[in-house]
Structure formats: structure tokens, C-alpha cells
1. Name the pairs: first residue in the stretch 37-61 and closer than 11 Å to Leu21 by Cα and assigned by TED's automatic domain parsing to the domain that holds Thr8, second residue modelled with pLDDT under 90 and more than 16 Å from the ligand (Cβ to nearest atom), Cβ to Cβ under 7 Å, at least 6 apart or on different chains?
2. Which members of the stretch 22-40 meet the condition of being more than 8 Å from the ligand (Cβ to nearest atom), farther than 17 Å from Val51 by Cβ and assigned to a loop (DSSP other than H, G, I, E, B)?
3. Looking at Ala25, Ala53, which one is within 21 Å of the chain's Cα centre (by Cα) and at pLDDT 80 or above?
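The values are calculated or read from the model by the stated rules, or taken from the named source; none is laboratory data. Keep in mind that this is a model prediction, so the values were computed, not measured. Heads up, the Cβs are rebuilt from the backbone with ideal geometry, glycines too, and the neighbour counts pull from every protein chain shown.
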Amino acid sequence: MPASAAATRHISENDLEVYALDPLADATPIEEHLLVCEECRVRLVGWDEYVGAMREAKVVPNRVWCSGRPVPRSVLALAASCRAVLFYFVDELDH
Ligand SMILES: [Zn+2]
């Protein structure tokens with residue numbers, strides 16, 4: 001984002017997400033805009049909370065992710081049960 005646009009255009013959701021993920025990266029135009037725009041600061045707080053929750057969730061052991069979302073344990077249990085039944089019938093067909 002050019003410096004002149006930094007003061008007039010709001011930061012895109014993608015840029016806010018990237019900034020929330022790595023605030024140490026070179027993001028001078030974003031930081032300049034954040035100095036003057038309360039709306040984007042509020043949106044950044046939302047992204048900070050989201051990124052923090054995602055980082056915290058990734059340390060939960062045995063968590064399986066699909067398309068960026070955690071898979072409920074009940075779905076994993078159902079999948080394991082279906083696999084066991086399938087293996088049983090495949091084994092029966094061999095005999
Ligand atoms: Zn803004």
C-alpha cells in the first residue's frame with residue numbers, strides 16, 4: 001500500500017491477517033494507517049484474538065485439522081468404527 005493511500009484506504013482483511021501473524025515483518029504502511037484509523041485497530045484486535053486462539057489450539061494434543069478447522073472427536077470415532085467394520089467385511093471376503 002503506497003504511503004499516500006495508507007491514510008485514506010482501510011487495510012484489507014488479508015493484510016491484517018498477515019500483520020497479525022507476523023507483526024515484526026516490514027509493514028510500515030500498515031503501521032502508519034493503524035496510527036490514524038481506529039476502525040482498523042479494532043479489526044486488528046479481532047485478528048490478534050483469532051491468531052492467538054489458533055496458535056493455542058494447535059498445541060492441543062491429538063487434534064486433527066481439516067480445512068483449517070478442528071475435526072470433532074465424535075467424527076474421528078465414527079470414522080474409526082467404519083474403518084473397523086470395512087476391514088472386517090474385507091477380511092470375511094478373503095475366506
Ligand atoms: Zn482503516
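1. Listed by first residue and then by second, the contacts come to Val51/Leu21.
2. Asp26
3. Ala53
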